[in-house]
Each structure stands twice: as structure tokens, then as C-alpha cells.
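Heads up: the structure comes next, in C-alpha cells.
The values are calculated or read from the model by the stated rules, or taken from the named source; none is laboratory data. Just so we're clear, the structure is a prediction, and the values are computed from it rather than from any experiment. As a convention, Cβ positions derive from the backbone with ideal geometry for all residues, glycine included, and neighbour counts pool all protein chains shown.
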Amino acid sequence: MSLKINSVSKIFNKNTPDEHKGLDNINFSVSDGEFITIIGGNGAGKSTLFNVISGTVLCDSGNIELDGIDITYIPEYKRAAFIGRIFQDPMKGTAPNMTVGENLIIAYMRSTKKNILISPSKKDKLFIRERLSQLGLGLEDRMNTKIGLLSGGQRQAITLVMATLVKPKLLLLDEHTAALDPVSAKSVLELTNKIVLGNNITTLMITHNITSALELGNRTIMMDSGNIAVDIGGSERKNMSVQDLLDKFNKIKNKVFDDDKVLL
Amino acid sequence: MSLVSFIGAIELGLVYSLLAFGSFISFKILNIADLTVDGSFVLGAAASAILAFNGMPYAGVIAAVIAGALAGVVTALLQTKFGIQPILSGILTMTGLYSINLMVMDGKANIPLLNKTNIFTLAETLIGGKTYKIVVLLIIVAFIFAVLNWFFRTQLGLSLRATGDNEAMCKASSIDTDTVKVVGFAISNAIVALSGALLAQMQQSADVNMGSGMVVISFASIIIGSVIIKNRNITLGFLSVIIGSVIYRLIIALILTTKFPPSYLKLISSLVVIIALSIPNIKRKMEINKLRRSINHVS
């Protein structure tokens, strides 16, 4: 698996006073098994980057390659067959009036789409139950509960299972713990780490928490004005503190930040 | 109520339960009120009547189902591919269908089918009595009920339910929601047309205006059913639709035994739907007011 973003630009409200460069000729590539955390202020282009990768938004110029295939103009639902995505809002990732089991089956169908008039088999259901039990939240005993009755943290944990039930080529996590309380957020982050590392899933994760951006994953990108300002990995990243990262960012951008508040 | 009008109400209830199945799929499962129904119901009746008139009652029913499905496809394409608002898409198809229905009926506003062979003729000679129509209708309704129960548990059926529940999540799960909607509307309107087709042959006439208010009638049946059986799963949901539809017809038959003028029936249907849909809102407002009053009381 490899992802290549080649000179991608996306400008909103072009030729108006509200013109805003969502992505400004951005270039970067992701290699197999990388777990990249992405930070940056509001409007830096993090979500736009995810939107062009997943196909919610088409880019103005440049192209996107996944595994050597140009996916720039492939519709969103087709890309979703190999790109898993989780949103900030836990309500967005699940169908509230369907049961936990039914939601998971829909996610599982990504791999078995050919038999659309077949009901899910016992084996499929057992597999789903098994994967759900790995969360350790006891949700496997609530397979017939309507998912709308679960808490935000539980729903986000299930969404995580749904996105990775069939191993995606790429997993996009868009501040997926931001709407949760601190305890649930921590537990979902731990689950994320476990699932991503356990299955060796290539992952991009947007976060507003610089500490967890440095703790999780093996590469960190800081975005600014639609481009990449800082891109660090390896031993440099290992020994880096939040302050070091901010200093590095300031040096490059020549802006002054007192602390990380500006970025939060 | 006489036995004849009681049996008549059951017959109508069963026929209209198919109509309500169709609306249940669009309104409750896909979460879109589909007004095509008023037109596709007549389309089914027209196709069935014109073929029965020419001695082909069974072909008439099959043609009705296919024509209804096509009407549903048109509405779905207007919504998904042409981006027209869902309600307006239904109205456009329904309005256009009026002309098409007249065309199917050979330009006549009414096709009488007296003394023509229909799909109930065989059962009449085999079973006879007063209940033979009910037997035929029960078999058809049970068959459609079984098919729908199976379908909504298949992968395509699950995708349909999820599309109505959370479209963004479906796209993220690699479901082509546009295609799913086309399939949903086709099935929904095919069943509605079947309902019209059966009604035309049962009442031995088809009229170009017989579809007006069908959407509201089907909603009323769905709502009455949901009061009696809580829609905990899809099977109970479809079962509640049959029961709701039969009860609705029994209520109408009861009203007709009084001196109440039948011209008010449509108004009553509308009121039933308005009251049922507004109750949750009114209840909540009343609870808030109650809470406010009790707090004022304390202070």
C-alpha cells in the first residue's frame, strides 16, 4: 500500500473576496504501515486533505494515487471500499435505528458485495461478534440493541470496528475522539492504537492534542495554510517534546507562539 | 354493521395493506414521503383493467407490477440523478402519470369490468361462498409479506434500511445510495401498483381518479398499525401495516353505517395523520409547560 498526493490544490470560493486556499499545491506520500498523526490550526487544510483523499470533495488540480491507481476522480462510495473513515461526530458513523449487529454487517459487506441478495451467514455473524468482543466493552452481548441507544464513546468504538472489520488500505481518523469525554476519549484512543498496530493498517489521524500526536504513530505532520509545515519521524520525533515541535514550527513559519494554545 | 359490509371491509383492508406496504418502504424505511403513490396506484389499476377487459386478468396484474416499478424508478432518478427535491419528484411523476394513466385506459376515464373474467373467478368456482376473495387476497398478501421479510434481511435490503437511516454512513461503507434508492422506490411503487391492480379487478372497474388521497390513506394505516404493534423489527413493522390497514377499513365501514356523510372521509383520514404525527411534539411541549409551572410554584 502506498498513497501519493501529487501537487494537489483545492481553492474554495475562487475569485471572490472569500477565496480560501484549502490545499495549496501539497505533495506528500505515505508508505505501507505508517501511522501518521496530523496537527494544525483551524483552516490549515487537515479536513480538506481527508475530504479529497476520500472523495467527498474533488481537488482542483493535481492527482491522488493509491497503490499506483489514480483515484482522483473515483466516486466517494467506490473509494470507501478500500478507505475507512471515522468522523468527529459519533452520530455520523452509525445508523441509529438499526441494531449493533446490522450496522456491523453493513460494514462487513464491503468485502462480500457480490451476493447482494444473500442474507449474512452464521459464520459472518460469529466473526463480527468475535471482532466486537476484542474491544473488551461487552458490546458483543448487545448485538440486537439499536445503536442509537448506546453512548457516544461506545458508538465511536463500534465505528472503529466497522472501519477496520475488512482491513482497509488506508484508515482516516478525523478527530474521532474530540466529541468524547476525557475518559472515553482515552479508551477510544487506546483501542485505536491497538487495532491499527495489531492489523498493521496504514493510518492518518487528525488530532488537536499535540501530546497524543507525538505519543501515537510513527510520523507527525503539522499543516499550515493548506500545506505541510513540519514533517517529522524516526528518532527526531521520538525525542521531541510538545515545546520542541512548536519551536520547530515557529522557526519554519517565522511566527511567534507562546504556547500550544494557538493551535488548540 | 352487516356481515356483507364487514367482509367488504376486510377485503379492502387486505388490498390496501399492499398500498401501505409500499408507503411503509418509502416513508418509514427510506425516510422520504413518496407522492408517486397516488399515480402509481391508478397506473396499476389501469394496466390491470385494460388487460382484464381484453380477457387477460393475470397478465394485467403482472403488467401493473412492472409499470409501477418503472414509475418508482422515474421518481428515484429525478431525486438522485437530477437533484430534484424528493417531495417535488413524487409530485412531478404523479402529475405526469395522470396523462399516462388515461393513455393506458384508452382515453376513457373509466373501464367497467362487469362479467369479465378476473383473478378471483377461479377461486369463486373452487371455494365459492362469501369469503373466496378474502382467501385469494390473504394468499397474495402473505406472499408479499414473506418476500419483503426475506428481502429486508439480505445485504441489499440492509443497505436500503441503512440508506434511510444514515446516508453519510452508507457512502462511507461503500454503498451506492443512489442505486439503492432506485431499487427501493421501484419495489415500493410496484407493490402499490399491485394494490391498485387487485382493487380494479375486485371492484370490477378502474377509474382515473381512484388514486387521489392514497398517500394519506396509507399513512393513516401505517400509523394505526404502529399504535397497535410497536415496530421493534422489520417483521413486526410489516405485520402492523396489515393490521392497521384492516382496522382503518373497519373504522370507515363503521362510519358509513351512521348518517355521517361519506364525503368527509378524506378529511377524517387527513386528521388522523395530522393528529398522529403531531402528538409527540404536543406532548413534549405540554411536559415542558408542566415542568415550568411546577418550578414557578416552588419559587
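Data for the structure
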quantity: Meets criteria (at negative phi, crowded, with 19+ Cβ neighbours inside 10 Å and within 15 Å of the chain's Cα centre (by Cα)) for A:Ala178; calculated: no
quantity: Residues of segment B:179-202 satisfying the condition of being within 14 Å of chain A (Cβ to nearest Cβ) and either under 15 Å from B:Val65 (Cβ atoms) or within 17 Å of the chain's Cα centre (by Cα) (or both); calculated: B:Val183, B:Gly184, B:Ile187
quantity: Residue list for segment B:36-52, filter: among the hydrophobic types (A, V, I, L, M, F, W, C) and either in contact with a Lys or Arg (Cβ under 6 Å, 6 or more places away or on another chain) or buried (at least 24 other Cβ atoms within 10 Å of the Cβ) (or both); calculated: B:Val37, B:Phe41, B:Val42, B:Leu43, B:Ala45, B:Ala46, B:Ala47, B:Ala49, B:Ala52
quantity: Search result, residues across segment A:6-34 that are closer than 18 Å to A:Leu170 by Cα and surrounded by fewer than 21 Cβ atoms within 10 Å (Cβ to Cβ); calculated: A:Asn6, A:Asn27, A:Phe28, A:Ser29, A:Ser31, A:Asp32, A:Gly33, A:Glu34
quantity: Test: residue in segment B:207-219 that is within 13 Å of chain A (Cβ to nearest Cβ) and in a helix (DSSP H, G or I); calculated: no
quantity: Matching strands (runs of 3 or more DSSP E) fully within segment A:153-264 where at least 1 residues are modelled with pLDDT under 90 and of a type in the set (Val, Ile, Thr); calculated: A:227-233
quantity: Of all residues making up segment B:110-129, the number that are surrounded by 12 or more Cβ atoms within 10 Å (Cβ to Cβ) and over 18 Å from B:Ala49 (Cβ atoms); calculated: 4
quantity: First in segment A:190-211 and polar (S, T, N, Q), second anywhere and in a helix (DSSP H, G or I), Cβ under 7 Å, 6 or more apart; calculated: A:Thr192/A:Leu160; A:Asn199/A:Thr164; A:Thr203/A:Val196; A:Thr207/A:Ala213; A:Thr211/A:Val242
quantity: Residue among B:Asp165, B:Asp176 that alone is under 25 Å from B:Ala20 (Cβ atoms) and facing chain A (nearest Cβ under 10 Å); calculated: B:Asp165
quantity: Residue selected from segment A:127-175 under the condition of a type in the set (Val, Ile, Thr) and more than 10 Å from chain B (Cβ to nearest Cβ), by the criterion nearest to B:Arg161 (Cα to Cα); calculated: A:Thr145
quantity: Residue that is modelled with the lowest pLDDT [pool: residues in segment A:100-126 that are more than 7 Å from every other protein chain (Cβ to nearest Cβ) and within 13 Å of A:Met162 (Cβ to Cβ)]; calculated: A:Ser111
quantity: All positions within segment B:141-155 that are in contact with a helix residue (DSSP H, G or I) (Cβ under 7 Å, 6 or more places away or on another chain) and either small (Gly, Ala, Ser) or assigned to a helix (DSSP H, G or I) (or both); calculated: B:Val141, B:Ile144, B:Phe145, B:Leu148, B:Asn149, B:Phe151, B:Gln155
quantity: Residue match in segment B:72-94 (condition: within 20 Å of B:Val183 (Cβ to Cβ), outside any loop (DSSP other than H, G, I, E, B), of a type in the set (Ser, Thr, Tyr) and in contact with a Phe, Trp or Tyr (Cβ under 7 Å, 6 or more places away or on another chain)); calculated: yes
quantity: Residue ID - farthest from the other protein chains (Cβ to nearest Cβ), chosen from residues in segment B:143-162 that are under 16 Å from A:Ala107 (Cα atoms) and in contact with a Leu (Cβ under 9 Å, 6 or more places away or on another chain); calculated: B:Leu160
quantity: Residue within segment B:242-255 that is surrounded by fewer than 12 Cβ atoms within 10 Å (Cβ to Cβ) and of a type outside the set (Phe, Trp, Tyr) present; calculated: no
quantity: Tabulated pairs, segment B:212-230, first on the phi > 0 side of the Ramachandran plot, second modelled with pLDDT under 90, C-beta under 8 angstrom, 6+ apart or interchain; calculated: B:Gly213/B:Lys266; B:Gly213/B:Ser269
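Residues checked against (1) under 16 Å from the mean Cα position of the chain (by Cα); (2) part of a loop (DSSP other than H, G, I, E, B):
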site: A:Leu3; (1), (2): yes, no
site: A:Lys10; (1), (2): no, no
site: A:Ile26; (1), (2): no, no
site: A:Val30; (1), (2): yes, no
site: A:Gly33; (1), (2): yes, yes
site: A:Thr37; (1), (2): yes, no
site: A:Thr72; (1), (2): no, yes
